[in-house]
Each structure stands twice: as structure tokens, then as C-alpha cells.
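The values are calculated or read from the model by the stated rules, or taken from the named source; none is laboratory data. Everything numeric here is computed off the predicted structure, so don't read it as measured data. Cβ placement follows ideal geometry from the backbone for every residue including glycine, while neighbour counts extend to all protein chains displayed. Surface accessibility is based on the protein's heavy atoms, side chains included, excluding ligands, DNA and RNA. Shrake-Rupley method; radii C 1.70, N 1.55, O 1.52, S 1.80 Å.
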Amino acid sequence: MSDTKDLSLGEKTHHDPSGFSSSDKGAEAGRTSYDVGPHSPTTVVSLAPPEGITEAALVRKIDRHIIPFIIFLYLLAFLDRVNIGNARSFGLEADLGLEKVEYNTALTIFFVPYIILEIPGNILLKKFSPRVWLSVCCVGFGLVSIFQGLVKNYGGLLATRFFLGVFECSMFPGCFFLLASWYKRADAQKRYSLFFSSTSLAGAFGGLLASAIGKMDHLQGYRGWRWIFIVEGCVTVVAGVVFFFTFPAFPEQARFLKPAEREYVRAMLQADHGHAAAERKITLKDVGKALTDHRIWLGGFMYLGLIVPAYSYAYFSPTIIGTYNYSAIQTQLHSVPPWAAAFGFAMATAVASDYLRHRFMFAILGIVVAIAGFAVLMTVHDPAHVNAQYAALCLVAMGAYSAMPIIVCWFNMNLGGHHRKAIGTAWQIAFGNIGGIIATYSFVASDAKNHYRTGYAICVSFTCLSALACLMYAVSVTMENKRRAKMQGDGGLTEEEKADLGDLNPEFRYML
């Protein structure tokens, strides 16, 4: 019989597979029961929210101070990253004299620093705080975007794309690290998908904005594609300055919480995530240890497989839609509905995933939808069936951009401790973005006469790779949970040793 202790109410609780223990009386009293050390069947703690506020109200307060900031930040980052696809429709290649695959190379060079600097970026974020580090990076990539609108040749374009990658590399993993530090695992998917869907909003908004800015063609002697970079870059710089004074921090540093609320959040997250070890510095030994964990590698392959179709769509959908004989303005406008569909589908699957407290099957669902879209695009090329091809593009966007946030949330929320989260999150995004390089060469101009069959085939192959990695990860965490369930006690580990282990702590249970 397990030794169950209720540290507050002394009521009977029962274990919930998601990692929580529920208590009817505790709920009526406004208290919530959790397993200490995530999913531990041995010790249960019942936490009482601070007087005058419920847990749900506190979570809504956190949402108001976290979600709008990270959504707007990443919307700007993604917009500044992929607006080159919109600029291409307004004469960028002709004005800069780009030939053959030079446009693709300009896309590729962005990912070089993006891949190399992800882990150092998350380490610096932890050192300086999200408010300082992400705000500085935001101003940086805004300025680079403005300079991108002023380049005179191919070399200038390469240089600005490279430095855009330098400043943007901390955005995605940094925001995911921040999210993982604030929310319980069973509540996280809606927030992850809402944040991730800012890419869909950026895609939709980018098409509308580009169609409007494109009408500024030749204003002050600048072509429309230059104004796309300049206007969007100026907005980003202003936002970065505002963020320096307003952007949220980690729970331990949050000024918008009262001391009692901050302590309750800390205890709540420790009960769900395990020991955060927020005060602990990240060392090279931590990085090396994380990279010997096969689940860390599987997380990278899950993301890599979906990055290829996702970036292929983000960068080349305007080009593909343009082959349906639309004008430049019509192409931008037709790029909006698939992004809107992706946003709606991603949020629907996120709500269902949180409700059922399950991730794996919802990731596979998105992957299947994306593959169905690519299957149509590979086989239907009759100009009389343009609507079918356009609907298939919607399926690709819906599938890829709904599965990706589930995969990232599933992996990140299964990491315990600040050090494991910082390294694992950055690793997944860094390794996965190798797929960005592959995507930039998947749809080359010479393949247009072949209806981009090669590009679609590459996307399907990597999407299947993601499905395989998801399956292997699901099997791995399931077997590990069963192994740990058979263990007796915690192996005599001290609290400090448990904090150092993170999700490797024997008391930790992974979410499926």
C-alpha cells in the first residue's frame, strides 16, 4: 500500500493518469490536489490558492500577462522571416538580378545561425531574463528587416538574411521555454497552439499587408517589395522598445503576481513539473548529458520532419498560387484563406488534446491531413481543377501547422527542470530547422514545368519521418513510465539530486 500524505486537507484523493489527483471536497474548498514529483503515486499535496482568488482566475491572470506578448512577438518575427516570399511576387528577383537558385540560397543562409545559436540563445535568455534578451533580439531583427529593404544586390540580401537569423534564433525556443515555465502540462496545449498559430496569423496578415503595401510601388522611388521590408521592420523596432519595459519574465521574477500568488504558482508548477531548479546555472555538462538522451533526439526528428513541409508552404505558397494564373495582388489575397483554415484547425485540435490530456494521436491526425493535401497536389494538375489544388494547399497548411505545436508542446512539457527545458527546447528547434535548409531547395524554379512534383515528394517523405519519430517517442515514454511504475521509492535521492535530474527523476511520469 502506498504511503499517501495530504499536506493540507487530510482528504482522500485518487490518482489521475494525467498527473493530477482530484478531490471533490478539495475542489469545493477551492483547493487543488497534485501529485508531488509529477505523476508520483506516493505523495499527494493539496494546494490552496491565495485568499480571494481561485486557480482558474489566477491562470487567466497569467494568460493576460503572457500570451498576448509572445503571440505578438512571434507574429512579428515570423512575418519578418517569410515576407521575402511576398516580396518575390513584387519584383525582388528582377530588381536584384537573382538567377537560378540564388533566391533559394538567400532563404537558406537564414537558417545557418538559426541552427547554431539556438542553445546559446536560450542560455542567455535564462541569464538576462526574457524581458531583456527577447526585446533586444526583437529590435535587432526589426532593424535588419529595414536594411533588407535597402539592399542593392545579391550580396546585400545574403548579409541581411544571415543577420536576420542571428537575431531571430532566440524567438521561438525562448517563447516555448517561457510557456513551459508557466503552465501545467495538461493545460499547456491550447496556449502552445495559440502561440504557434501566430505563424498562421502572420501568414494571413502578411498576405493582406503585402497586397496593401504593394500598392506603394515606386513611392519615393522605392519598389513595392522594398516597402514590405521597411514598413514591417519599423513596426518591429517600435514593438521591441515597448517590450523592453513590458515583456513578462519567469514565474520567480514575475512582478504582476503578488508574493502569495507567486508562491502558489511555484508550488503548483513544482507539483506538476517537478523541481524547476530555476536558480541553477546551465553548464556544458548539462548540454552533453541532454544530447545523450535518445528522447531528446527523437524530439528533434519529430520537429525536423514537419519543418520541411511547413517552411516549404510558408516560403513557396505565393509562388505556387501564382501558377494558378492570378495577378500579384490576387496571389497575396488568395494566400490568406489557407492560413485562416490552419489557425482554426490548430485551435480545435488543441482544445480536444487538452480536454483528453493526450498528444500523440492528435499529432498523427495533423500529419495525415497534410499528407492527404500533398497527395492531391502531386496528382492533380489540370487547370480545370484549380479549386481542388487550392483546397489541397489548405489541407497542407491545416495539417502541418496543427501537428507542429502539438509535437513541440508534447516534447517540451515532458522535460523537467529549467536546465533540461532550456537545452531540450533549443535543441529541438535548432535540429528541426535543418529542415528549413532542405525546404528552401525543395521548390526550385526549374521544377515549375513539372508542377513541383519533386518538392511535394520531399515534403511527403519528411512528413512520414515525423510520424515515425512520433511513434518511436510515444513507445519510449510509455515503456519508461511502466518501468518507473515498477520501481520502489525514489532510490534514496535527495531533493537537490531530483532537481538536477529533471525528467530523469524516477518519480517523473511522461505524458502521452
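(1) over 22 Å from the mean Cα position of the chain (by Cα); (2) at pLDDT 85 or above: which one isn't true of Ala403, the others all being true?
With (1) over 22 Å from the mean Cα position of the chain (by Cα); (2) at pLDDT 85 or above applied to Ala403, the lone miss is (1).
How many residues does segment 328-360 hold that are loosely packed, with under 15 Cβ neighbours inside 10 Å and under 16 Å from Ala370 (Cβ atoms)?
Count: 2.
In the list Leu284, Leu304, which residue meets the criterion of being surrounded by fewer than 16 Cβ atoms within 10 Å (Cβ to Cβ), of a type outside the set (S, T, N, Q), out of contact with any Asp or Glu (no Cβ under 8 Å at 6 or more places or on another chain) and at negative phi?
On the way: Leu304 fails: surrounded by fewer than 16 Cβ atoms within 10 Å (Cβ to Cβ).
Every option except Leu284 fails the conditions.
Taking Ile321, is it part of a helix (DSSP H, G or I), surrounded by fewer than 18 Cβ atoms within 10 Å (Cβ to Cβ) and either in contact with a strand residue (DSSP E or B) (Cβ under 6 Å, 6 or more places away or on another chain) or touching a residue at least 60 places away in the same chain (Cβ under 8 Å) (or both)? I'd like the intermediate steps shown before the answer.
Numbers: part of a helix (DSSP H, G or I): yes; surrounded by fewer than 18 Cβ atoms within 10 Å (Cβ to Cβ): no; either in contact with a strand residue (DSSP E or B) (Cβ under 6 Å, 6 or more places away or on another chain) or touching a residue at least 60 places away in the same chain (Cβ under 8 Å) (or both): yes.
Against the criterion (part of a helix (DSSP H, G or I), surrounded by fewer than 18 Cβ atoms within 10 Å (Cβ to Cβ) and either in contact with a strand residue (DSSP E or B) (Cβ under 6 Å, 6 or more places away or on another chain) or touching a residue at least 60 places away in the same chain (Cβ under 8 Å) (or both)), Ile321 does not qualify.
Name the residues in segment 131-151 that are in contact with an Asp or Glu (Cβ under 6 Å, 6 or more places away or on another chain) and either polar (S, T, N, Q) or surrounded by fewer than 19 Cβ atoms within 10 Å (Cβ to Cβ) (or both), would you? Break it down into steps so the answer makes sense when it comes.
Taking segment 131-151 and keeping what is in contact with an Asp or Glu (Cβ under 6 Å, 6 or more places away or on another chain), we get 141, 145.
Across segment 131-151, the qualifying residue is only Ser145.
Go through segment 349-388 and give me each residue that's small (Gly, Ala, Ser) and free of Cβ contacts under 8 Å to residues at least 24 places away in the same chain. Working first, answer last.
Step one: of segment 349-388, the residues small (Gly, Ala, Ser) are 350, 352-353, 363, 366, 370, 372-373, 375, 384, 388.
Passing the criteria: Ala352, Ala384, Ala388.
Among Gly214, Gly174, which is in contact (Cβ under 8 Å) with a residue 12 or more places away in the chain and surrounded by fewer than 24 Cβ atoms within 10 Å (Cβ to Cβ)?
Gly214
Given the options Ala448, Ala426, name the one that is more than 26 Å from Val368 (Cβ to Cβ), more than 22 Å from the chain's Cα centre (by Cα), touching a residue at least 40 places away in the same chain (Cβ under 8 Å) and in a helix (DSSP H, G or I). Break it down into steps so the answer makes sense when it comes.
On the way: Ala426 fails: more than 22 Å from the chain's Cα centre (by Cα).
Step by step, each of Ala448, Ala426 is checked, and only Ala448 is more than 26 Å from Val368 (Cβ to Cβ), more than 22 Å from the chain's Cα centre (by Cα), touching a residue at least 40 places away in the same chain (Cβ under 8 Å) and in a helix (DSSP H, G or I).
Take the residues in segment 86-102 that are part of a helix (DSSP H, G or I) and touching a residue at least 24 places away in the same chain (Cβ under 8 Å); name whichever of them is surrounded by the most Cβ atoms within 10 Å (Cβ to Cβ).
Let us first name the residues in segment 86-102 that are part of a helix (DSSP H, G or I), namely 86-88, 92-96, 102.
The next check asks that each one be touching a residue at least 24 places away in the same chain (Cβ under 8 Å); those that pass are 86-88, 92, 95-96, 102.
Values: Asn86: 28, Ala87: 25, Arg88: 22, Leu92: 25, Asp95: 15, Leu96: 19, Glu102: 14.
Filtering first and then ranking leaves Asn86.
Restricting segment 362-402 to residues that are surrounded by fewer than 17 Cβ atoms within 10 Å (Cβ to Cβ) and in contact with a helix residue (DSSP H, G or I) (Cβ under 6 Å, 6 or more places away or on another chain), which is nearest to Gly305 (Cα to Cα)?
Ala372
How about segment 478-512: which of its residues are modelled with pLDDT of 90 or more and part of a helix (DSSP H, G or I)?
Thr478, Met479, Glu480, Asn481, Lys482, Arg483, listed by residue number.
Which residue is nearest to the chain's Cα centre (by Cα), if the candidates are limited to segment 471-512 and must be open to solvent by 50 Å² or more (accessible area, probe 1.4 Å) and acidic (Asp, Glu)?
Selected residue: Asp500.
Residue check, Asn414 against (1) open to solvent by 10 Å² or more (accessible area, probe 1.4 Å); (2) modelled with pLDDT of 90 or more; (3) part of a loop (DSSP other than H, G, I, E, B), all met but one. Which one?
Only one criterion is unmet by Asn414, namely (1).
Report the residue count in segment 211-247 for those that are outside any helix (DSSP H, G or I) and touching a Phe, Trp or Tyr at 6+ places or on another chain (Cβ under 6 Å). Lay out the reasoning, then the answer.
Of the residues in segment 211-247, the ones outside any helix (DSSP H, G or I) are 217-223, 247.
Remaining after also requiring touching a Phe, Trp or Tyr at 6+ places or on another chain (Cβ under 6 Å): 247.
Final tally of qualifying residues: 1.
Restricting to segment 107-146, name every residue that is closer than 11 Å to Leu164 by Cα and among the small types (Gly, Ala, Ser).
Hits for segment 107-146 are Gly140, Gly142, Ser145.
Among the residues of segment 462-470, is there at least one that is in contact with a helix residue (DSSP H, G or I) (Cβ under 6 Å, 6 or more places away or on another chain), crowded, with 19+ Cβ neighbours inside 10 Å and not in a helix (DSSP H, G or I)?
No, there is no match, as no residue in segment 462-470 is in contact with a helix residue (DSSP H, G or I) (Cβ under 6 Å, 6 or more places away or on another chain), crowded, with 19+ Cβ neighbours inside 10 Å and not in a helix (DSSP H, G or I).
Given the options Asp3, Asp63, Asp16, name the one that is at pLDDT 85 or above, of a type outside the set (A, V, I, L, M, F, W, C) and more than 27 Å from Thr319 (Cβ to Cβ).
On the way: Asp3 fails: at pLDDT 85 or above; Asp16 fails: at pLDDT 85 or above.
It is Asp63.
Which of (1) farther than 29 Å from Pro50 by Cα; (2) surrounded by fewer than 17 Cβ atoms within 10 Å (Cβ to Cβ); (3) of a type outside the set (Ser, Thr, Tyr) is the odd one out, the single condition Pro259 does not satisfy?
Here Pro259 meets the rest and fails (1).
Could you check, for segment 429-446, whether at least one of its residues is open to solvent by 10 Å² or more (accessible area, probe 1.4 Å), over 29 Å from Met378 (Cβ atoms) and not β-branched (Val, Ile, Thr)?
No: zero hits.
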